[in-house]
1. Short version: ³J(HN,Hα) in whole Hz for each residue of segment 81-98, in order, from phi by Karplus 6.51 cos²θ - 1.76 cosθ + 1.60 (θ = phi - 60°), x for Gly and Pro, what are they?
2. Considering the dipole of segment 9-182 built from charges on the beta carbon (Lys and Arg +1, Asp and Glu -1) around the Cα centre, which of Leu180, Ser42, His135 is farthest to its positive end?
3. With every protein chain present, what accessible area does Asp78 have (1.4 Å probe, heavy atoms only), rounded to the nearest 10 Å²?
4. Residue-wise, which Karplus ³J(HN,Hα) couplings in Hz belong to segment 10-27, taking 6.51 cos²θ - 1.76 cosθ + 1.60, θ = phi - 60°, and x for glycine or proline?
5. Tell me the relative contact order for the chain as a rounded percent, counting alpha carbon contacts under 8 Å between residues six or more apart.
6. Go ahead and set up a Gaussian network model of the chain, Cα springs under 10 Å, then flag whichever of Ala45, Ala134, Ala171 fluctuates most.
7. Once amide H atoms are built 1.01 Å from N in the peptide plane, which residues 5 or more positions from Gly127, or in another chain, come under 5 Å H to H?
8. Taking R0 as 41 Å, what FRET efficiency do you get between Thr23 and Arg181 from their Cβ-Cβ distance, rounded to the nearest 0.05?
Amino acid sequence: PPISPMAIAFDAEKLTLSPEGPTLTRRMSDLEGLFRDHDAWSAAASGDDPIVYTVVSSPVPEVERELPQSITTIMPGDTAGELWMTKGHQHPDHQGEIYLALHGRGGLLMFDGERTEWLDMLPGTIGYIPPGWAHRSVNTGDEPYSFLAVYPGGAGHDYGWVLERGMGSRAFRAESGVDLRPYAE
Ligand code: M6P
Ligand code: ZN
């Protein structure tokens, strides 16, 4: 059944939504095939298997014509220098999406299969993901990085697209914050 108009309380300090929908927790072991250094990934995944990010959702369902929201929080860290990040995905029907940075420092890496774009994401930055651009978020700082996402309910998540083609660039820790390197190197 369609859901009714509703107010969702956003706590800007705790970065929570109320009422709240499903929460997703991704640990290192959920990120197979994504970090460049497979051995370092494998050691971390089979060791303490840290939580890399969580996604809390509003109660708006991920179905066609609805407009769900979620707050993603990526922990600070790196795996052999490669900054902790989301898996990244493409939308099968190429819908757009918007992100609003809430806390910490991050980046929004986008790839359309040929071109790569990087947006610095500081609290207050709205990152626009145009149709057809795969997207991955990265924590470039030393505290948790959180952002709000708003996306078409039918957008879906094609993770295989990213496993097959990569994201064009990889983000490594650097003194200046981030060092973007070509995917293959
Ligand atoms: C944002 C949105 C979600 C996505 C989440 C984590 O909150 O884009 O749709 O699930 O980030 O990203 P990923 O699914 O790539 O792990
Ligand atoms: Zn998306």
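1. Taking θ as phi minus 60°, the curve returns x, 7, 4, 4, 7, 7, 4, x, 7, 10, 8, x, 9, 6, 6, x, 7, 10 Hz for segment 81-98.
2. Final value for the positive-end residue is Leu180.
3. Here the accessible area works out near 60 Å².
4. Values, residue by residue: 10, 8, 6, 8, 7, 6, 10, 10, 9, x, 10, x, x, 10, 10, 10, 10, 9 Hz.
5. Relative contact order comes out at 22 percent.
6. Highest fluctuation of the listed residues: Ala45.
7. Tyr99, Leu100, Ala101
8. Efficiency, rounded to the nearest 0.05: 0.80.
The values are calculated or read from the model by the stated rules, or taken from the named source; none is laboratory data. Everything quoted here is computed from the prediction, not taken from an experiment. Note that each Cβ is placed from the backbone with ideal geometry, even for glycine, and that neighbours are counted across all protein chains shown. Accessible surface areas use protein heavy atoms only, side chains included; no ligands, DNA or RNA. Shrake-Rupley method; radii C 1.70, N 1.55, O 1.52, S 1.80 Å.
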